[in-house]
Amino acid sequence: MGKSRRQRYSEETYLLHSAIAEIYAANAGFGDVKNAESRLLGVLKLKPNQEELVEAYNLLAQIYAQTGRREEAIKSFEIALATAPDVAVSLTTSLAEMFEKQKDWEKAIEVYNLGLAHCRHASLHNGLAYCLGKTGRLSEAENNERQATELAPGDATYANDLGYVLLEQGKLEQAKEYFERALQIDPAYELAQNNLALCSKGVLVQGKMKTKYTPRQGQYLAFIYSYSKMHRCAPAEADIEQYFRVAYSSVHQMIITLEKRGLISRTPGKARSIHLLISSEELPELK
């Protein structure tokens, strides 16, 4: 009778896996990132292989970013990047998105630029453009969106995003060209359809909207923008109701009010037809 064979893990692998489990537990509310950090530092004291080394530094960078140690995060990220430049896209995206969640646009921009120094990739240019746009640097955002579309000409998202940056600068004809290109690639891309409709109406976004809104209205507008950016389509009123935890009648009345004030457009009776008529730069932070 043969003996059962068990796969044996190195101490480095064990510490790395347990650190990952601790991070997931912490995100769920019952773990501790301090324990994860301790285990990852333990990996570095041993003799990890390249893959383990990169993953340890990658996770440490995210923990440092999450706990407000920004420079330590950048340092760990740079070590991981120098060790494995072939995975620059995933390393860069992981840390940049941590800073984006914190609205730390400048640090996210720094991370994207470091990543692009190792790998010229469409998704990194697109991410950098988004963060530049959030800081009002629209011409730089446009340049990076153009590079994204050059690197990935068959991606509807990049074409639409370039169109929107152009629209924010009041370049309607150029914006229209890229919204149409996005729809040629993906005819069902609702966000590009809505953006094209704005161009057809001759709506200038950047610096043209003088309508004021209340703090509560601003939160609704910020949610509409964030949802559309994340899901590539406009939110339904039910999505807004669920987020703000208010009665459907209150949401519907707010939508009517925003439309009357010229802050959004919509097609009555058509689901997910809400679209902003103001620039993202004029919106408050979503709370």
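Quick look at the numbers
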quantity	calculated
Which label in (i) 1.06; (ii) 0.94; (iii) 1.40 gives the computed Rg/Rh (Cα atoms, Kirkwood Rh)	(i)
Cα centroid separation - the stretch 141-204 against the stretch 46-69, whole Å	37
Extension gain, Glu106 back to Arg261 (0.36 nm per residue minus Cα-Cα distance, nm)	52.5 nm
Restraint check, Lys229/Lys260; Lys34/Lys229; Lys107/Lys287; Lys45/Lys75; Lys134/Lys176; Lys103/Lys229, Cα-Cα greater than 27 Å	Lys34/Lys229
Cβ crowding within 10 Å averaged over residues, with 96-102, 75-81, 279-285, 123-129 ranked highest first	123-129, 75-81, 96-102, 279-285
Long-range HN-HN contacts of Gly31 with modeled amide H, under 5 Å	Ala26
D (Stokes-Einstein, µm²/s), Kirkwood Cα radius, the stretch 120-208, 1.306 mPa s at 10 °C	127
Computed lengthening from Ser10 to Lys287, 0.36 nm per intervening residue step minus Cα-Cα distance	95.3 nm
Sum of -39500 (n - 2.57) over DSSP H runs of 4+, divided by residues of the chain (222 nm, nearest 500)	-21500 deg cm²/dmol
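Taken together, the values in this text are just the output of simple stated rules run on the coordinates, not laboratory data. This is a predicted model, so every value here is computed, not measured. Every residue, glycine among them, receives a Cβ derived from its backbone with ideal geometry; neighbour counts consider all protein chains shown.
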